[in-house]
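Undergrad: There's a structure below that I have some questions on.
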Amino acid sequence: MLCDDEIRAIIIENSLNAYTGLCPCPYSIHWDGQKCGRRSAYIHPKNYHQIPICYPDYISDEMVQSFRDLHHLS
């Protein structure tokens, strides 16, 4: 069984994989080799329906439970 931290990591990975832009998170690397930092979609979202999840602290226990339920991990 996956622990909550592992599920949070999967949720972040899925969020980043679904993001279609260049700089989802401040720690992402831009094509110019620099960290995205303040250029990231996380800092300056243009589409509020596609704000990437970059940090585990922003994933609630309810989101973890929803993931467990969706993937039959309960």
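The values are calculated or read from the model by the stated rules, or taken from the named source; none is laboratory data. Predicted model, so just to flag it, every value in this text is computed and none were measured. Here Cβ is always computed from backbone atoms with ideal geometry, including for glycine, and neighbour counts include all displayed protein chains.
Undergrad: Quick one: K46 ticks every box in (1) in a loop (DSSP other than H, G, I, E, B); (2) of a type in the set (K, R); (3) at pLDDT 95 or above bar one, so which box is it?
TA: (3)
Undergrad: Please go through segment 19-36 and pick out each residue that is free of Cβ contacts under 8 Å to residues at least 24 places away in the same chain and surrounded by fewer than 13 Cβ atoms within 10 Å (Cβ to Cβ).
TA: I29, W31, D32, G33, Q34, listed by residue number.
Undergrad: If a residue must be farther than 21 Å from I7 by Cα and not hydroxyl-bearing (S, T, Y), how many such residues does segment 27-74 contain? Steps first, please.
TA: Taking segment 27-74 as the starting set, the residues that turn out to be farther than 21 Å from I7 by Cα are 29-41, 43-49.
Now narrow it down to the ones that are not hydroxyl-bearing (S, T, Y): 29-39, 41, 43-47, 49.
Matching residues across segment 27-74 total 18.
Undergrad: Something else: Quickly run through segment 1-42 and pick out the residues that are modelled with pLDDT under 90, over 23 Å from D69 (Cα atoms) and of a type in the set (A, V, I, L, M).
TA: Across segment 1-42, the qualifying residue is only L22.
Undergrad: From the list R39, R68, R8, pick out the single residue that is in contact (Cβ under 8 Å) with a residue 12 or more places away in the chain, surrounded by 14 or more Cβ atoms within 10 Å (Cβ to Cβ), touching a Pro at 6+ places or on another chain (Cβ under 8 Å) and among the charged types (D, E, K, R).
TA: On the way: R39 fails: touching a Pro at 6+ places or on another chain (Cβ under 8 Å); R68 fails: touching a Pro at 6+ places or on another chain (Cβ under 8 Å).
That would be R8, the only listed residue that is in contact (Cβ under 8 Å) with a residue 12 or more places away in the chain, surrounded by 14 or more Cβ atoms within 10 Å (Cβ to Cβ), touching a Pro at 6+ places or on another chain (Cβ under 8 Å) and among the charged types (D, E, K, R).
Undergrad: Can I ask one more? Check I11, I29 and return the single one that is aliphatic (A, V, I, L, M) and within 27 Å of E62 (Cα to Cα). Walk me through how you get there before you give the answer.
TA: Numbers: I29 fails: within 27 Å of E62 (Cα to Cα).
Just one listed residue meets the conditions, I11.
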